[in-house]
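The values are calculated or read from the model by the stated rules, or taken from the named source; none is laboratory data. Fair warning: this is a prediction, and the values are worked out from it, not measured in the lab. Because the Cβ atoms are built from the backbone with ideal geometry, glycine has one as well, and the counts that use them run over all protein chains shown.
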Amino acid sequence: MKIEETHLKGCFVITPKVFEDERGYFFESFNQHVFETDTGINVNFVQDNQSMSAKKVLRGLHFQTGEYAQAKLVQVIKGKVLDVCVDIRKKSPTFGQHFSIILDDKNRKQLYIPRGFAHGFVVLENNTIFSYKCDYFYNNKNEAGIIFNDKTLNIDWGISENELIISEKDKLLPTFENLFNLI
């Protein structure tokens, strides 16, 4: 597997080595030893989550606060998404910057998102199955988020806003400026 750091420190794109033949394919989706050696990060995943979504569903931007912050390893099992993470570590030189990548069942890439990042994705194909590992358990009292169409972040989701399917909860998330008292 190939592991490359993005311009956001601690955030990595992982491209597996895929073996394909007439029977199908095989690849190692995670190897803790290789991950630790190549990134210098010791991670212990404790929870796996999966969602299935229709085309144009946008989920995010979500994160957990305080001691419940989570690092995530995200991938698409079936379908295609535009995946986005935002650095919300106030002392980071890339605070407020984002990274986006297409994850799908063809490139089989994964994105490692460290603690201190908000995360979201928009679905580009119907019946997309999205999977992610977390290094801490979900705690609803510490969940938080940033509105998807935040003007400061200026994320291009690739789909016009009036076409997006967004939960009522996600439509009410605060702006980046309000969340971090930057006004």
(message) I need every pair where a residue in segment 122-134 that is in contact (Cβ under 8 Å) with a residue 12 or more places away in the chain and of a type outside the set (A, V, I, L, M) has its Cβ under 7 Å from the Cβ of a residue that is outside any strand (DSSP E or B) and surrounded by fewer than 16 Cβ atoms within 10 Å (Cβ to Cβ), sequence separation at least 6 or different chains.
(response) Asn126/Ala54; Cys134/Val46
(request) Check Lys56, Lys80, Lys109, Lys72 and return the single one that is in contact with a helix residue (DSSP H, G or I) (Cβ under 6 Å, 6 or more places away or on another chain), basic (Lys, Arg) and surrounded by 13 or more Cβ atoms within 10 Å (Cβ to Cβ). (result) Lys56
(message) Condition first: part of a helix (DSSP H, G or I) and either aromatic (Phe, Trp, Tyr) or in contact with a helix residue (DSSP H, G or I) (Cβ under 8 Å, 6 or more places away or on another chain) (or both). Now tell me which residues in segment 142-183 satisfy that.
(response) Asn142, Phe176
(request) Select from segment 166-180 the residues that are surrounded by 15 or more Cβ atoms within 10 Å (Cβ to Cβ) and more than 18 Å from the chain's Cα centre (by Cα) and write down the one among them that is modelled with the lowest pLDDT. (result) Phe180
(message) Condition (residue is modelled with pLDDT of 95 or more, closer than 26 Å to Val46 by Cβ, in contact with a Gly (Cβ under 9 Å, 6 or more places away or on another chain) and in a strand (DSSP E or B)) applied to segment 129-140: is it met by at least one residue?
(response) yes
(request) Find the residue count for segment 1-28, including only residues that are surrounded by 13 or more Cβ atoms within 10 Å (Cβ to Cβ), in contact with a strand residue (DSSP E or B) (Cβ under 7 Å, 6 or more places away or on another chain) and not in a strand (DSSP E or B). (result) 5
